[in-house]
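Participant: Please read through the structure below; I'll follow up with questions.
The values are calculated or read from the model by the stated rules, or taken from the named source; none is laboratory data. Quantities reported herein were computed from a predicted structural model and do not represent experimental measurements. With ideal geometry, Cβ positions are generated from the backbone for all residues, glycine too; neighbour counts draw on all protein chains shown. We work out accessible area using only protein heavy atoms, side chains counted, and drop any ligands, DNA or RNA first. Shrake-Rupley method; radii C 1.70, N 1.55, O 1.52, S 1.80 Å.
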Amino acid sequence: MREPAVVAASSAAALRGFWEEVNESPAWQDGAFFSLSAAYALVSAVALIQLIRIQRRVPEFGWTTQKVFHLMNFLVNGVRALVFGFHLHVFLLSAKVYKLVLLDLPGLLFFSTYTLLVLFWAEIYHQARSLPTDKLRIIYIAVNAIIYTIQVCIWVYLGINDNPLVELVSKIFIVVVSFVALLGFSVYGGRLFFLLRRFPIESKGRKKKLYEVGTVTAICCACFLIRCIVVAISAFDSDVSLEVLDHPILDFFYYMLTEILPSALVLFILRKLPPKRVSAQYHPIN
């Protein structure tokens with residue numbers, strides 16, 4: 001009767017020993033973080049190439065929503081590539097607040113980048129329903145300004161006083177920010193999807209837009225939901241911490257599922273270049 005329990009305990013101990021060995025191995029750490037750096041660099045390069053293609057296709061336009069989206073993707077992924085490329089220096093910084101800034105700031109930029117899609121969809125939905133659109137961009141800018149202001153205040157306080165409670169508040173704040181993005185995609189992605197489904201005319205363009213909106217909504221909702229769950233758990237369990245060097249496998253899968261794969265998939269889905277002619281669906285940012 002005791003043999004199964006003994007075997008299970010022995011297997012659990014062996015598994016714990018294996019994970020401890022992996023987490024503390026410099027080879028595994030370098031492999032995970034350099035792989036993340038290379039993946040981020042690749043996505044950043046793809047975003048930059050697409051931005052150049054768009055600019056060459058429609059040079060007469062200014063900074064459109066599409067151009068800004070690809071520029072921000074290039075910047076976010078480029079910063080992440082640098083951070084993980086120099087992971088030994090980042091994770092071993094003497095001042096913990098500097099490490100938090102380098103790890104959390106790209107996450108906030110990722111939020112701003114992808115909620116830009118929410119803004120674009122909200123404008124389309126409001127125009128289709130003959131609703132006012134003049135305040136949507138103001139709301140987008142105001143929400144982002146409030147988020148960055150609060151986060152900067154938290155960083156400044158942590159720089160002055162390294163308080164564990166404030167660090168916990170910082171993580172909970174990231175959860176709230178991610179939930180805001182999740183809510184935005186659920187509301188406006190869902191609304192636009194069902195609006196397109198009710199559109200009376202069957203066409204190839206309609207089906208493609210329906211596919212784009214539905215797929216991008218599902219991808220972004222999934223990545224921000226995973227971010228909410230993992231960061232919330234890490235806030236109360238140090239074994240799931242994302243700000244340490246000795247959790248390379250956890251960090252690898254977290255960033256792969258919440259940023260790299262979503263960015264790559266969305267860039268692929270939205271790869272179509274704008275038409276050369278002026279289109280009513282192609283709005284410059286003024």
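Participant: Any residue in segment 260-279 that is under 22 Å from residue 207 (Cα atoms) and at pLDDT below 90 sitting within a Cβ distance under 6 Å of a residue that is outside any helix (DSSP H, G or I) and not hydroxyl-bearing (Ser, Thr, Tyr)? List the pairs, counting only those 6 or more apart or interchain.
Facilitator: From residues that are under 22 Å from residue 207 (Cα atoms) and at pLDDT below 90, the pairs are 274/58.
Participant: Test residue 151 against the criterion of being within 22 Å of the chain's Cα centre (by Cα) and assigned to a helix (DSSP H, G or I), and give yes or no.
Facilitator: When the stated conditions are applied, residue 151 passes them.
Participant: Across segment 231-244, what is the total count of residues that are open to solvent by 30 Å² or more (accessible area, probe 1.4 Å) and among the aliphatic types (A, V, I, L, M)?
Facilitator: 4
Participant: Residue 139 fails exactly one of the following numbered conditions: (1) open to solvent by 20 Å² or more (accessible area, probe 1.4 Å); (2) farther than 19 Å from residue 68 by Cβ; (3) without any contact (Cβ under 8 Å) to a residue 60 or more places away in the chain. What is the number of that condition?
Facilitator: Only one criterion in (1) open to solvent by 20 Å² or more (accessible area, probe 1.4 Å); (2) farther than 19 Å from residue 68 by Cβ; (3) without any contact (Cβ under 8 Å) to a residue 60 or more places away in the chain is unmet by residue 139, namely (2).
Participant: Return the only residue of 183, 192, 210, 158 being open to solvent by 80 Å² or more (accessible area, probe 1.4 Å) and under 25 Å from the mean Cα position of the chain (by Cα).
Facilitator: 183
Participant: Next question, about the same structure. Report whether or not residue 37 is hydroxyl-bearing (Ser, Thr, Tyr), over 23 Å from residue 140 (Cβ atoms) and part of a helix (DSSP H, G or I).
Facilitator: yes
Participant: Now a separate question. Please work out if residue 130 is open to solvent by 40 Å² or more (accessible area, probe 1.4 Å) and among the hydroxyl-bearing types (Ser, Thr, Tyr).
Facilitator: yes
Participant: Determine which single condition residue 253 fails, assuming it passes every other condition in (1) in a loop (DSSP other than H, G, I, E, B); (2) surrounded by fewer than 16 Cβ atoms within 10 Å (Cβ to Cβ).
Facilitator: All conditions pass for residue 253, except number (1).
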